Amino acid sequence: MSRTKFTDIDSLSLQDLEQDAELIPLMTPEDEEEINKEKLPETLPILPLRNTVLFPGVVIPITAGRDKSIKLIQDANNGSKVVGVVSQKSEEVENPTGKDINTLGVVARILRVLKMPDGNTTVIIQGKKRFEIDEVITEDPYLQATIKEVPEARPEKENEEFSAIVDSIKELALKIIKQSPNIPSEASFAISNIESPSFLINFVSSNMNLSVADKQKLLATNDLKERALATLKFMNVEQQKLELKNDIQSKVQSDMSQQQREYFLHQQMKTIQEELGGVSHEDEVEEMKQRAKKKSWGEDVAKHFKKEISKLQRMNPQVSEYSIQRNYLDLFLDLPWNEFSKDKFDLKRAMKILDRDHYGLEDVKKRIIEYLAVLKLRNDMKSPILCLYGPPGVGKTSLGKSVAEALGREYVRISLGGLRDEAEIRGHRKTYIGAMPGRIIQSLKKAGTSNPVFVLDEIDKIGTGNQGDPSSALLEVLDPEQNNEFHDNFLEMGFDLSKVMFIATCNSLNTIQPALRDRMEIINVTGYTIEEKVEIGKKHLLPKQLEEHGLTKDHLKIAKPQLEKIVEGYTRESGVRSLEKQIAKMVRYAAKNIAMEEDYSVKITNDDVVEVLGSPKLERDKYENNDVAGVVTGLAWTRVGGDILFIESILSKGKGNLNITGNLGKVMKESATIAMEYIKAHAEEFGIIPTIFEKYNVHIHVPEGATPKDGPSAGITMLTSLVSLFTQRKVKKSVAMTGEITLRGKVLPVGGIKEKILAAKRARIKEIVLCEDNRRDIKEIKEEYLKGLTFHYVTDMSQVLDVALTKQKVKNAKKL
């Protein structure tokens with residue numbers, strides 16, 4: 001069923017049924033009989049309707065807009081008030097002729113004509129009888145035609161089937177009116193009070209939601225029973241559509257009610273959060289979107305971010321995954337996608353900064369300047385991976401900060417010492433509880449740029465645990481061919497690390513995975529000479545400690561002789577960390593006296609040094625005069641730099657056993673065994689009676705047994721000690737040596753030459769015995785380090801003995 005329609009000849013205008021309810025007479029059977037008795041005129045003015053059909057007995061309002069229609073209504077209203085109403089075949093025709101209208105129509109009586117405020121004319125008409133047009137007489141000023149009546153075939157009153165159909169129409173009409181929210185309740189009252197079956201059929205047909213063509217077909221059905229069946233069929237279809245529509249609306253209404261409830265609760269939550277000073281869910285999302293607009297990331301990254309923030313919008317803020325997703329998007333927005341700091345290519349300024357912060361380290365500075373020069377020329381060079389290798393305290397880590405300042409880049413440092421979890425490098429997957437990005441991505445977020453100077457400290461101290469191998473995870477980070485798409489498990493996107501300048505530091509290369517070591521450029525940062533330590537103490541360490549303790553240079557002055565005394569007597573290392581600690585003690589000594597207002601010497605003397613630091617602790621490590629046969633000074637490399645060690649050997653009556661003590665490793669024990677066997681094989685050449693090996697036990701000892709010692713550097717030292725012992729020829733003064741031997745007596749080259757030479761200089765050694773193949777290592781050392789040293793390059797043990805041993809035996813030598 002539809003609402004009552006105000007049918008315009010030009011257009012259809014809807015009004016509420018209740019406004020016109022009083023104009024709809026409830027036709028009784030008596031009224032119907034009276035209408036049937038009326039005779040139709042032979043000629044009628046024809047009123048075309050554009051979008052509706054008039055049925056007998058039905059009252060409808062019409063708004064006339066066409067000039068011909070208005071003229072027709074005025075003339076009819078002033079005359080007989082009877083017009084012929086027909087529907088147009090096409091509602092698009094503006095000025096219909098006889099060919100444009102249907103031949104079957106309804107004679108109507110004008111009940112009321114109203115002038116509307118907008119100038120249009122509204123007429124209320126009631127249908128009477130059906131008619132058929134014989135001939136159109138004229139079309140000016142409006143259509144007029146001759147007509148003939150078309151009677152209806154009505155069933156007998158006692159026809160039970162027809163009565164059942166009529167009752168079904170009435171019941172279904174009431175049901176439709178009740179289910180449809182658009183039909184007013186007054187329509188139910190009107191339907192219930194209709195007594196005439198034909199009027200009921202016509203009234204329902206007129207108000208159904210049917211097309212003009214379907215209504216015209218109903219009107220053209222002569223048999224009233226057939227019209228009733230067709231009407232009931234259309235009503236069933238409409239009722240089914242209405243039920244489906246109501247069902248859909250009910251579901252939508254239920255969903256809307258749930259959404260409205262959630263919206264209301266979210267609005268309450270938002271208000272509470274704002275009152276507490278928080279930010280609502282919608283505000284957070286909107287803020288993220290605004291931040292994303294300022295990012296200069298690529299299309300793939302932008303697409304991924306859009307997908308992830310859409311996921312956040314669909315989440316309930318109360319679920320646990322919401323905070324993970326929000327943290328993920330915060331990281332995404334905080335990362336410096338394609339954000340780079342501008343490099344400063346003033347190489348002279350860079351060199352000044354490196355010289356200002358670090359005394360010495362010429363090779364490292366040279367390599368940094370070379371890198372800057374190439375980067376300045378090409379501006380797209382992939383950053384090399386530098387690895388500063390050397391003992392502790394030589395300035396490897398602080399060098400990275402100076403490089404960052406020289407380049408004008410941000411400085412980032414992470415310590416890898418003891419790292420055992422691969423996720424520390426690559427991050428955790430978001431599915432894990434407490435998932436976080438790796439330290440690489442976290443550090444880049446902290447730096448704020450994609451091209452910082454990144455120091456990977458203590459790369460040689462990475463461990464291996466049950467959570468994977470972190471050193472293997474670093475392979476992708478430190479490979480210039482791969483790190484342009486570094487994949488972090490938490491980020492789930494490739495991040496470009498190719499513009500990052502990585503600087504790794506380590507104390508030993510042996511513990512670094514070979515594949516990882518292959519990806520780095522090793523730069524050896526050796527220890528400092530005594531002179532360099534004194535300069536570093538004067539220019540860097542003392543001013544730094546004075547500032548940290550709130551003093552100035554006027555409160556404490558340490559001259560070079562006193563600094564040299566501190567270096568020689570209290571620090572014996574390759575770096576300057578212990579030296580800084582000793583200088584800090586001297587500064588605290590001054591600070592205490594100033595705070596207690598006591599007198600003290602601003603210019604530190606040697607006595608002040610002893611008073612504050614105590615007696616020199618390392619004097620015993622200096623070279624010892626070898627007046628006893630069998631004592632030789634060797635050179636060794638340790639993780640803290642070069643050092644000297646003494647090898648002692650002694651004979652005792654026995655059965656020719658060889659004892660080795662001093663906490664020596666497997667390699668040094670093997671060297672002692674080789675040396676002993678070599679001497680036995682060449683006893684006659686050395687002037688040794690072979691029977692001595694069966695009558696005496698030999699004991700080799702390296703002092704400081706609490707310190708583990710191992711390495712292929714003491715072979716010639718042990719052989720020299722044993723030959724000196726058996727021949728009772730003492731070793732020359734101020735001679736030290738390093739090298740390995742073979743069973744044939746050949747001398748093999750060893751490593752760590754520079755550190756060993758520095759140790760020799762600290763110990764006041766004058767002559768050093770080396771393998772001929774180590775000559776190339778000496779050429780790479782600055783001449784100032786070699787000043788005061790004499791080098792003897794040898795290829796076999798006979799040359800070593802000629803250089804190291806005196807020609808004369810020790811006084812009061814034992815007779816063997």
Practice item. Show the residue pairs that are 6+ apart or on different chains and have beta-carbon atoms under 8 Å apart, the first residue being within region 74-93 and closer than 22 Å to E38 by Cβ, the second being at pLDDT below 85 and surrounded by 14 or more Cβ atoms within 10 Å (Cβ to Cβ). Key: none
Point to revise | Residue within region 602-610 that is modelled with pLDDT of 85 or more and more than 22 Å from H549 (Cα to Cα) present | key: yes
**Study point:** Residue match in region 435-449 (condition: among the β-branched types (V, I, T), out of contact with any Lys or Arg (no Cβ under 8 Å at 6 or more places or on another chain) and either outside the structural domain of L491 (by TED's automatic domain parsing) or assigned to a loop (DSSP other than H, G, I, E, B) (or both))
**Key:** no
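Report yes if K446 is under 19 Å from L372 (Cα atoms) and at pLDDT 85 or above, otherwise no.
Details: under 19 Å from L372 (Cα atoms): no; at pLDDT 85 or above: yes.
In short, no.
Any residue at all in region 310-320 that's crowded, with 17+ Cβ neighbours inside 10 Å and at pLDDT below 85?
If we filter region 310-320 for residues that are crowded, with 17+ Cβ neighbours inside 10 Å, which is where we start, we get 312.
Retained after the next criterion (residues that are at pLDDT below 85): 312.
Yes; the residues of region 310-320 include at least one that is crowded, with 17+ Cβ neighbours inside 10 Å and at pLDDT below 85.
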Check your understanding: Can you name the number of the only condition in (1) closer than 19 Å to T806 by Cα; (2) in contact with a strand residue (DSSP E or B) (Cβ under 9 Å, 6 or more places away or on another chain) that K655 fails?
Key -> (1)
Practice item. Answer yes or no as to whether I191 is assigned to a helix (DSSP H, G or I), over 22 Å from R50 (Cα atoms), of a type in the set (A, V, I, L, M) and in contact with a Lys or Arg (Cβ under 8 Å, 6 or more places away or on another chain). Key: yes
Practice item. Quick one: which residue in K303, K342 is among the basic types (K, R) and part of a helix (DSSP H, G or I)? Key: K303
Revision key, fill the gap. Over region 671-695, the set of residues farther than 18 Å from V800 by Cα and touching a helix residue (DSSP H, G or I) at 6+ places or on another chain (Cβ under 9 Å) is I689, P690, I692, F693
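Quick grid of which residues meet (1) farther than 17 Å from L210 by Cβ; (2) in contact with a Ser or Thr (Cβ under 9 Å, 6 or more places away or on another chain); (3) at pLDDT 85 or above:
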{"site": "L17", "(1), (2), (3)": "yes, yes, no"}
{"site": "E32", "(1), (2), (3)": "yes, yes, no"}
{"site": "N36", "(1), (2), (3)": "yes, no, no"}
{"site": "L44", "(1), (2), (3)": "yes, yes, yes"}
{"site": "S69", "(1), (2), (3)": "yes, yes, yes"}
{"site": "V85", "(1), (2), (3)": "yes, no, yes"}
{"site": "N102", "(1), (2), (3)": "no, yes, yes"}
Revision key, fill the gap. Within region 753-802, of all residues that are among the aromatic types (F, W, Y) and more than 25 Å from K565 (Cβ to Cβ), the one surrounded by the most Cβ atoms within 10 Å (Cβ to Cβ) is Y793
Check your understanding: For region 139-153, does any single residue satisfy the condition of being touching a helix residue (DSSP H, G or I) at 6+ places or on another chain (Cβ under 8 Å), in a strand (DSSP E or B) and of a type in the set (D, E, K, R)?
Key -> no
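Can you confirm whether G438 is surrounded by 23 or more Cβ atoms within 10 Å (Cβ to Cβ), touching a residue at least 40 places away in the same chain (Cβ under 8 Å), over 20 Å from I512 (Cα atoms) and small (G, A, S)? Before the answer, list the steps.
Working: surrounded by 23 or more Cβ atoms within 10 Å (Cβ to Cβ): yes; touching a residue at least 40 places away in the same chain (Cβ under 8 Å): yes; over 20 Å from I512 (Cα atoms): yes; small (G, A, S): yes.
So G438 passes the test.
To keep it simple, each residue is scored yes or no on (1) of a type in the set (K, R); (2) surrounded by fewer than 16 Cβ atoms within 10 Å (Cβ to Cβ); (3) at negative phi; (4) not assigned by TED's automatic domain parsing to the domain that holds T97.
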site: K129; (1), (2), (3), (4): yes, no, yes, no
site: E135; (1), (2), (3), (4): no, yes, yes, no
site: T146; (1), (2), (3), (4): no, yes, yes, no
site: S163; (1), (2), (3), (4): no, yes, yes, no
site: Q179; (1), (2), (3), (4): no, yes, yes, no
site: A187; (1), (2), (3), (4): no, no, yes, no
Practice item. Could you check, for region 309-324, whether at least one of its residues is touching a helix residue (DSSP H, G or I) at 6+ places or on another chain (Cβ under 9 Å), in a helix (DSSP H, G or I) and among the basic types (K, R)? Key: yes
Review point. Would a scan of region 113-124 turn up a residue that is out of contact with any helix residue (DSSP H, G or I) (no Cβ under 8 Å at 6 or more places or on another chain), closer than 20 Å to D214 by Cα and in contact (Cβ under 8 Å) with a residue 60 or more places away in the chain?
Key: no
Revision key, fill the gap. All conditions in (1) surrounded by 15 or more Cβ atoms within 10 Å (Cβ to Cβ); (2) over 16 Å from N524 (Cβ atoms); (3) basic (K, R) are true of K348 except (1)
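The values are calculated or read from the model by the stated rules, or taken from the named source; none is laboratory data. Just so it is clear, the model here is predicted, and its values are computed rather than measured. For neighbour counting, all protein chains shown are included, and Cβ atoms are generated from backbone atoms with ideal geometry for every residue, glycine included.
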